[in-house]
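Report on the following structure.
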Amino acid sequence: MILKYDVIVIGAGHAGCEAAAAAARLGVHTCLVTMDMNKIAQMSCNPAVGGIAKGQIVREIDALGGRMGIVTDRTAIQFRMLNRSKGPAMWSPRAQCDRERFIWEWRHQLDTTPGLDIWQDQVMELLTEAQENTTLTDGPKRRVTGVRTLWGVDIMAPAVIITAGTFLNGMLHIGRKMLPGGRIAEPAALRLTESVNALGIRSDRMKTGTPVRIDARSVDFGKMELQQGDPVTHLFSYMHGTESIDSQYLADPELFSRDCYASPRRPRTEDFLPCWTTQTNSECHDVLRSGLKDSPLFNGQIQSIGPRYCPSVETKLVTFADKDSHPLFLEPEGTDTNEMYLNGFSSSMPMEIQIEALRKIPAFKELRVYRPGYAIEYDFFDPTQLHHSLESRLCSGLFFAGQVNGTTGYEEAAGQGLVAGVNAAISAGHHATGTDLSTAAAARPLVLGRDEAYIGVLIDDLVMKGVDEPYRMFTSRAEYRILLRQDDADRRLTPIGHSIGLATTSRLDIWKRKEKAIDDLHALLRSTTMKQDEINPYLDEIGSTRVNRSVHLDELLTRPGVTLAGLQELRPELRADDEVTEATEILIKYDGYIRREREYADKMHRLEDIKIDGHFDYNSIQSLSTEARQKLTARRPETLAHASRIPGISPSDINVLLVLLGR
Ligand SMILES: Cc1cc2nc3c(=O)[nH]c(=O)nc-3n(C[C@H](O)[C@H](O)[C@H](O)COP(=O)(O)OP(=O)(O)OC[C@H]3O[C@@H](n4cnc5c(N)ncnc54)[C@H](O)[C@@H]3O)c2cc1C
């Protein structure tokens with residue numbers, strides 16, 4: 001059988017779902033091929049979305065018109081804003097989700113997207129042809145024409161996106177037992193890597209792992225600490241954050257595609273569930289130590305590199321040998337299940353060791369589990385062989401997104417998926433009109449800057465620096481953190497999303513109304529003064545120095561401890577929607593930092609080619625990291641742009657050099 005489409009997406013994980021939804025919504029006929037339709041957007045590990053820096057990515061996806069934020073809001077069973085004690089650049093929303101509902105909400109999103117078909121099958125092979133009409137001497141010599149599946153179907157399209165996650169030649173490990181698989185109880189995808197390698201695209205191996213799933217009925221919750229979520233003031237989608245919704249928006253499926261809301265702006269809250277915490281102890285560690293000889297991480301069975309920031313419990317035991325306890329978080333997997341996820345206990349130890357070790361913890365004395373933790377090794381492709389559009393440099397029309405590019409995490413995958421989906425649609429669109437794809441697609445792809453989005457930082461890091469371990473996003477990877485806050489992804493990206501046709505007009509209108517509300521509130525704060533008699537009781541209450549004259553409220557707000565919510569109590573005319581209040585307060589309080597980073601960003605744009613060779617004795621610059629001093633001394637880059645592309649040279653090292661250059 002032969003099927004014809006404009007865009008094919010291989011794999012319905014977090015990257016594939018965003019990619020397929022984005023491509024189809026841009027009007028190209030899209031086929032999402034996946035191995036199991038009942039596991040669409042399956043959360044392979046923790047059923048949680050967001051977290052530090054990842055929460056910002058989800059808001060960026062939403063601001064651009066993607067789907068992950070909406071799906072998360074609709075299926076969350078707990079929300080928290082992490083890093084509240086730090087500055088707003090660090091605030092990161094996180095939600096615990098109902099795993100099954102997450103899958104079905106994504107199914108619903110895809111099933112109701114016009115122009116998008118789902119085909120359940122396994123892609124075995126890429127179909128390609130020699131590139132014709134290329135004007136580039138060193139450009140791709142081949143272009144993709146489609147895929148061939150396990151059931152012998154040829155699906156033809158001028159653009160193909162590979163989002164196969166951890167499935168490519170996947171190998172599962174539990175103790176000394178090894179089984180081929182893409183995830184527990186799912187087959188590995190064979191032959192596709194080899195088909196990609198045949199195009200000259202390099203692959204390598206990485207590893208990740210997941211903890212045991214616990215039966216809640218066997219847990220003594222009285223011996224654990226309760227961890228409640230926050231009251232729901234923050235959701236991921238900006239479509240829920242407006243004060244009122246006009247009837248003109250009622251037809252927008254982003255707002256009203258489901259009737260599961262008590263109110264259109266709020267997710268259900270009646271199902272919200274708490275998490276629980278406890279810790280490992282020395283008895284538990286003794287049991288784990290007794291199993292180290294059979295641990296695939298330590299007996300040579302696993303050779304590939306795993307996520308450094310998400311270590312297994314046995315790695316923690318060996319790395320931090322002096323510690324006799326590590327924190328554990330027991331998190332619900334959903335509202336209709338007894339299954340719970342034990343965060344902090346990722347392991348590939350033999351299953352009896354995992355269970356016996358846990359039974360040494362008071363809350364788990366009677367423990368029963370649904371399945372043990374396990375590790376998986378899988379293939380990924382070298383992302384330095386990609387353009388920033390996520391299109392291959394070696395094969396036109398072939399795009400890569402998600403874990404196959406060496407990243408880890410649902411949010412990182414989804415962000416790449418959206419970019420690849422948009423760019424594949426553009427590429428296919430050019431092809432359909434007969435334009436030379438290799439030049440036309442490269443001319444106007446969606447590429448986000450490092451000062452525009454964490455998604456831009458992520459893709460730039462992948463393409464320019466490559467990966468030698470699973471890449472996870474952190475706020476420290478972004479040199480312009482204060483410009484990339486979770487509160488203002490709509491400011492940064494909704495106009496871009498609308499201009500490419502992904503963000504709906506109602507989304508843009510909602511952003512414009514919010515922008516006006518912020519501007520109005522800002523102006524009101526600038527023009528309003530308060531007399532000392534009125535403000536001093538509040539300043540006394542928060543322990544701030546009294547004033548002896550009338551003060552402008554915007555000036556007052558720059559003081560530590562003074563909040564806009566506090567001023568709104570005194571002056572009801574300042575009251576506004578929660579998100580408007582938060583955004584306005586941040587803009588005023590952090591005005592100096594925001595301006596400074598904007599200036600740095602603009603300088604970086606202008607100074608990309610500044611010559612630095614022979615300028616510095618790097619070893620004497622203490623403010624550079626040790627790694628930067630060594631690598632800059634060894635490599636002697638000619639320009640700042642070259643320096644910034646050396647792996648191990650961080651954006652803050654570049655900022656140090658900029659400052660020393662007096663720029
Ligand atoms: C055991 C385990 C533990 C993990 N632990 C963590 C963690 O601690 N922290 C973290 O951030 N991330 C973790 N992850 C990674 C996280 O699951 C991924 O980063 C994320 O799911 C990647 O999304 P993706 O869309 O790239 O791929 P996936 O979510 O893996 O989706 C891939 C999809 O492609 C389909 N597919 C694959 N090959 C084919 C083919 N040939 N034809 C058709 N369909 C195909 C699959 O069926 C699947 O639907 C873990 C993953 C696993 C498996």
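Taking the options Pro158, Pro187, Pro211, name whichever one is surrounded by 22 or more Cβ atoms within 10 Å (Cβ to Cβ), within 11 Å of the ligand (Cβ to nearest atom) and not aliphatic (A, V, I, L, M).
Pro211
Yes/no matrix, rows are residues, columns are (1) part of a strand (DSSP E or B); (2) of a type in the set (Phe, Trp, Tyr); (3) within 14 Å of the ligand (Cβ to nearest atom):
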site: Ala63; (1), (2), (3): no, no, no
site: Gly66; (1), (2), (3): no, no, yes
site: Arg80; (1), (2), (3): yes, no, no
site: Pro88; (1), (2), (3): no, no, no
site: Trp104; (1), (2), (3): no, yes, no
site: His108; (1), (2), (3): no, no, no
site: Pro114; (1), (2), (3): no, no, no
site: Met124; (1), (2), (3): yes, no, yes
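On the basis of being touching a helix residue (DSSP H, G or I) at 6+ places or on another chain (Cβ under 7 Å), among the hydroxyl-bearing types (Ser, Thr, Tyr) and within 30 Å of Gly466 (Cα to Cα), does Ser392 make the cut?
Taking the combined requirement at face value, the residue satisfies it.
Given the options Phe329, Phe345, name the one that is buried (at least 23 other Cβ atoms within 10 Å of the Cβ) and modelled with pLDDT of 95 or more.
Result: Phe345 is the single residue among Phe329, Phe345 that is buried (at least 23 other Cβ atoms within 10 Å of the Cβ) and modelled with pLDDT of 95 or more.
Show the residue pairs meeting these rules: Cβ distance below 8 Å; 6+ apart or different chains; first residue within segment 32-49 and not assigned by TED's automatic domain parsing to the domain that holds Arg101; second residue among the aliphatic types (A, V, I, L, M) and surrounded by fewer than 24 Cβ atoms within 10 Å (Cβ to Cβ).
Short answer, once both residue conditions are applied: none.
Quick test of your reading of the structure: Gln622 fulfils all but one of (1) loosely packed, with under 14 Cβ neighbours inside 10 Å; (2) within 32 Å of the chain's Cα centre (by Cα); (3) not hydrophobic (A, V, I, L, M, F, W, C). Name the failing condition by number.
Condition not satisfied by Gln622: (2).
Within segment 244-251, is there a residue that is in a loop (DSSP other than H, G, I, E, B), at pLDDT 65 or above and touching a helix residue (DSSP H, G or I) at 6+ places or on another chain (Cβ under 9 Å)?
no
Tell me whether segment 608-618 contains one or more residues that are part of a helix (DSSP H, G or I), among the aliphatic types (A, V, I, L, M) and at pLDDT below 90.
No - not one qualifying residue is present in segment 608-618.
Before we move on, is Arg99 under 30 Å from the mean Cα position of the chain (by Cα) and away from the ligand (no atom under 13 Å from the Cβ)?
So Arg99 does not fit the description; no.
For Asp336, indicate whether it is at pLDDT below 95, surrounded by fewer than 19 Cβ atoms within 10 Å (Cβ to Cβ) and among the acidic types (Asp, Glu).
It is true that Asp336 is at pLDDT below 95, surrounded by fewer than 19 Cβ atoms within 10 Å (Cβ to Cβ) and among the acidic types (Asp, Glu).
What are the residue pairs meeting all of these: first residue in segment 373-384, first residue over 14 Å from Ile305 (Cα atoms), second residue among the hydroxyl-bearing types (Ser, Thr, Tyr) and within 12 Å of the ligand (Cβ to nearest atom), Cβ atoms under 6 Å, and 6 or more apart or on different chains?
Here the result reads Gly373/Thr210; Gly373/Ser346; Gly373/Ser347; Tyr374/Ser348, each pair linking segment 373-384 to a residue that is among the hydroxyl-bearing types (Ser, Thr, Tyr) and within 12 Å of the ligand (Cβ to nearest atom).
Any residue in segment 156-185 that's in the same structural domain as Gln403 (by TED's automatic domain parsing) and at pLDDT below 95: show its pairings with residues that are away from the ligand (no atom under 11 Å from the Cβ) and in a strand (DSSP E or B) at Cβ separation under 6 Å, as long as the two are six or more apart or on different chains.
The qualifying pairs do not exist here.
In segment 355-397, which residues are within 14 Å of the ligand (Cβ to nearest atom) and not acidic (Asp, Glu)?
Selection gives Arg371, Pro372, Gly373, Tyr374, Ala375, Ile376, Tyr378, Phe380, Phe381, Pro383, Leu390.
Please determine, by comparing only the residues of segment 12-33 that are touching a strand residue (DSSP E or B) at 6+ places or on another chain (Cβ under 6 Å) and not in a strand (DSSP E or B), which one is farthest from the ligand (Cβ to nearest atom).
Val28
Restricting to segment 521-554, and then to whatever is hydrophobic (A, V, I, L, M, F, W, C) and surrounded by fewer than 16 Cβ atoms within 10 Å (Cβ to Cβ), can you tell me which residue is nearest to Glu573 (Cα to Cα)?
So, considering only residues that are hydrophobic (A, V, I, L, M, F, W, C) and surrounded by fewer than 16 Cβ atoms within 10 Å (Cβ to Cβ), the one nearest to Glu573 (Cα to Cα) is Ala523.
Suppose we filter Ala565, Ala601, Ala576 for residues that are under 25 Å from Ile482 (Cβ atoms), over 26 Å from the mean Cα position of the chain (by Cα) and part of a helix (DSSP H, G or I); which single one remains?
The conditions single out Ala565.
The values are calculated or read from the model by the stated rules, or taken from the named source; none is laboratory data. Just so we're clear, the structure is a prediction, and the values are computed from it rather than from any experiment. Note that each Cβ is placed from the backbone with ideal geometry, even for glycine, and that neighbours are counted across all protein chains shown.
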